[in-house]
Amino acid sequence: MSDRKDMEIIANLVPHGSRVLDLGCGDGELLAHLFEHRGCNGYGIEIADANVLACARRGVNVIQLNLEEGLALFEDDSFDVVLQLDTLQHLRNTEKMLRETARVGRIGIVSFPNFAHWPNRLHVIGGRMPVTRVLPYQWYDTPNIRVGTYADFEVLAKKGGLRILDAFGIQAGRAVRTMPNLLASVAVFKFERG
Amino acid sequence: MGSVGDVSPQSMHFAEPLPLASGAQLRDYTLVYETYGTLNATRSNAVLVCHALNASHHVAGTYAGKPKSEGWWDNLVGPGKPLDTDRFFVVGVNNPGSCFGSTGPTSINPDPAAGGRTYGSDFPVVTVEDWVDAQARLIDALGITQLAAVLGGSLGGMQALDWSLRLPERLRQCIAVATAPNLSAQNIAFNEVARRAIVTDPDFHGGHYAEHGTLPRRGLRVARMIGHITYLSDDAMEAKFGRELQKAVIGYSTQDVEFQIEAYLRHQGDKFSEYFDANTYLLITRALDYFDPARAFGGDLCATFAAARCRFQLVSFTTDWRFAPARSREIVKALAFNRLDVSYAEIDAPHGHDAFLFDDPRYHGVLRACFDRLAKELP
């Protein structure tokens, strides 16, 4: 999600004028982009002090919160879009956060590293965990405590009663709609409550 | 980053009575205040700083010829500091009922029946709302229609919140630090113990100690000791004092100071009892107890904040058990419910409630960014 092109692909999924909640909003770059170019408003949620400060410096409204504690601060359906970009894989309560995302937002958009991307498969066939641009960590120091694939998410979404509105992969700054589970390093899902 | 340098307090007299929440009124009163920086041509850069329990209008700078007379928020307010006096016109005002110059229990009661005596405990009960009304009159008199921001910590934060609720068009930004939407039963309990310590001091004389030529120092000392315990975190106290003894060996005494924490609390109590007025302590703790803007809305804080219009910055500190982060989150929830602009920082600082007076770089960084954003938007 560090690439500007990746960010724009995601931003284009957000309807103009949406009220947005960005879970794990980082330094607020995407929110600032949505506010400025798509007439959106809303808040970012961050746990890291440095990111909270970066958001404040950008003029992005940010609420410092540990997502593991859920989204009790927010009413049902209080946002048009809830973003959970490159965040899901860091959370212990992945399933709960998906439920919460679908509860407070009319539309949820998640993105996460797709562990079934073919170079990752090759790493594993070779007997080692993957270390790539999207997954630059060693197995022993990775912050990604939830390791899943594009195909895995489809199963989880179904289990959680989510209706998938759009799904694709991102590879090298381009949307991948053919065999994304194999050909994309990032998985993207747009969904609503089923 | 510099100091605003030597400052001097100013005072303004108000002949028109101030109606109070209790139904009483404050007649013929004076407010003492200080200002730093310059009001711009459009009068849009004014920031009001509200004080908490034992502070005053002396927010920043020093008094000429008085060493160690820095204002209570001098680390935040000054040229190049987070609240930059090169860009903002900062106003600090002493609330009525206080004992630092504005009309309070130690002032002469203008009621002819009082025979020229001081108010003492006859000073009317004042609330956060009454203070905000008094502050608004000062802001009117300074020719300021809309404040850029109202800023306060603890009880000062409650005043900032009240501005946003009752005078919503008169501020662009509310900054409320280490505060709460009301006091918990535990908070009130601590206040009550402090008040009982004062009121049961034989030197209190029903609050008219001035007429008896005494001061209820013992009560004030104990009140301050209790207060201090609630301002510090368990960890901060442990780190600072632990179980360190005052002397090299245990003295096996029930009444002498044995542990350093005792010496610290006694020292704080002694200092406080020499400069703080007992009736003021009672009044201010009561103002804390009474603050509860949601009361008029059946306890519904979301409904309460429907009146607010300005942008909000809230800050809490993880080790503050007096006004814990959960209390600030209640406010954030109500603001988000009303789709208001809000940012909230939860600073992992070790100092407890007192952290709002320290210059933690994360805390000051957030406030600096908040004021920078505000400065860029000034009309």
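Return a yes/no flag: does the stretch B:289-312 have any residue that is part of a loop (DSSP other than H, G, I, E, B), within 14 Å of chain A (Cβ to nearest Cβ) and not charged (D, E, K, R).
Taking every residue of the stretch B:289-312 in turn, at least one turns out to be part of a loop (DSSP other than H, G, I, E, B), within 14 Å of chain A (Cβ to nearest Cβ) and not charged (D, E, K, R).
Starting from the stretch A:53-78, take each residue that is within 7 Å of chain B (Cβ to nearest Cβ) and list its partners that are of a type in the set (S, T, N, Q) and outside any loop (DSSP other than H, G, I, E, B), counting only C-beta distances under 8 angstrom and pairs at least six apart or across chains.
Matching pairs, first to second residue: A:A56/B:S343; A:N61/B:S343; A:V62/A:N51; A:V62/B:S343; A:I63/B:S343.
Looking only at strands (runs of 3 or more DSSP E) that fall completely inside the stretch A:108-194, which ones have 2 or more residues that are closer than 30 Å to A:D77 by Cβ?
A:162-171, A:186-193
Considering the stretch B:20-70 alone, what residues qualify as being outside any loop (DSSP other than H, G, I, E, B) and within 17 Å of B:P105 (Cα to Cα)?
B:Q25, B:L26, B:Y29, B:T30, B:L31, B:V32
State whether the residues of the stretch B:147-169 include one that is in contact with a strand residue (DSSP E or B) (Cβ under 8 Å, 6 or more places away or on another chain), in a loop (DSSP other than H, G, I, E, B) and under 21 Å from B:S11 (Cα atoms).
no
Out of B:L220, B:L282, B:L215, which single residue is under 21 Å from B:F323 (Cβ atoms) and at pLDDT 95 or above?
B:L282
Kindly indicate which of B:T230, B:T179 is in contact (Cβ under 8 Å) with a residue 60 or more places away in the chain, buried (at least 18 other Cβ atoms within 10 Å of the Cβ) and outside any helix (DSSP H, G or I).
Unique residue meeting the criteria: B:T179.
For the stretch B:56-80, enumerate the residues that are out of contact with any His (no Cβ under 8 Å at 6 or more places or on another chain), crowded, with 24+ Cβ neighbours inside 10 Å and at negative phi.
B:H58, B:A60, B:W73, B:V77
Anything in the stretch A:30-52 that is crowded, with 18+ Cβ neighbours inside 10 Å, part of a helix (DSSP H, G or I) and at the interface with chain B (Cβ under 9 Å from one of its Cβ atoms)? List them, or say none.
If the condition is that a residue be crowded, with 18+ Cβ neighbours inside 10 Å, part of a helix (DSSP H, G or I) and at the interface with chain B (Cβ under 9 Å from one of its Cβ atoms), then A:D49, A:V52 are the ones that fit.
State which residue is farthest from the other protein chains (Cβ to nearest Cβ) when the search covers only the stretch B:325-352 and only residues that are more than 20 Å from A:D49 (Cβ to Cβ) and in a helix (DSSP H, G or I).
The qualifying residue farthest from the other protein chains (Cβ to nearest Cβ) is B:R327.
When residues of the stretch B:310-349 are filtered for being touching a residue at least 40 places away in the same chain (Cβ under 8 Å) and surrounded by 18 or more Cβ atoms within 10 Å (Cβ to Cβ), how many remain?
16
Checking the conditions here, which among A:G160, A:G59, A:G108 is crowded, with 22+ Cβ neighbours inside 10 Å and touching a helix residue (DSSP H, G or I) at 6+ places or on another chain (Cβ under 6 Å)?
Testing whether each residue is crowded, with 22+ Cβ neighbours inside 10 Å and touching a helix residue (DSSP H, G or I) at 6+ places or on another chain (Cβ under 6 Å) leaves just A:G108.
Against the conditions (1) within 12 Å of another protein chain (Cβ to nearest Cβ); (2) surrounded by 19 or more Cβ atoms within 10 Å (Cβ to Cβ), where does A:V81 fall short? Just the number, please.
So A:V81 meets the others, but not (1).
To keep it simple, each residue is scored yes or no on (1) among the hydroxyl-bearing types (S, T, Y); (2) crowded, with 20+ Cβ neighbours inside 10 Å.
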{"site": "B:A223", "(1), (2)": "no, yes"}
{"site": "B:R243", "(1), (2)": "no, no"}
{"site": "B:K247", "(1), (2)": "no, no"}
{"site": "B:T254", "(1), (2)": "yes, no"}
{"site": "B:D270", "(1), (2)": "no, no"}
{"site": "B:Y281", "(1), (2)": "yes, yes"}
{"site": "B:T285", "(1), (2)": "yes, yes"}
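Kindly establish whether B:K376 is touching a helix residue (DSSP H, G or I) at 6+ places or on another chain (Cβ under 8 Å) and within 13 Å of chain A (Cβ to nearest Cβ).
no
Residues B:T214, B:T145: which one is farther than 30 Å from B:C302 by Cβ, hydroxyl-bearing (S, T, Y) and surrounded by fewer than 16 Cβ atoms within 10 Å (Cβ to Cβ)?
Every option except B:T214 fails the conditions.
Going through the stretch B:353-362 one residue at a time, which ones are among the charged types (D, E, K, R) and either more than 14 Å from chain A (Cβ to nearest Cβ) or closer than 18 Å to A:V20 by Cβ (or both)?
B:D354, B:D359
Is there any pair with a first residue in the stretch B:147-163 that is within 19 Å of B:A307 (Cα to Cα) and touching a residue at least 40 places away in the same chain (Cβ under 8 Å) and a second that is of a type in the set (K, R) and assigned to a strand (DSSP E or B) whose Cβ atoms are under 7 Å apart and which are 6 or more apart or on different chains, and what are they?
That search, which allows pairs on different chains as well, returns B:A148/B:R172; B:A149/B:R172.
The values are calculated or read from the model by the stated rules, or taken from the named source; none is laboratory data. All figures in this text were calculated on a predicted structure; none of them were measured in a lab. Methodologically, a virtual Cβ is constructed for each residue, glycine included, from the backbone with ideal geometry; neighbour enumeration extends over all protein chains shown.
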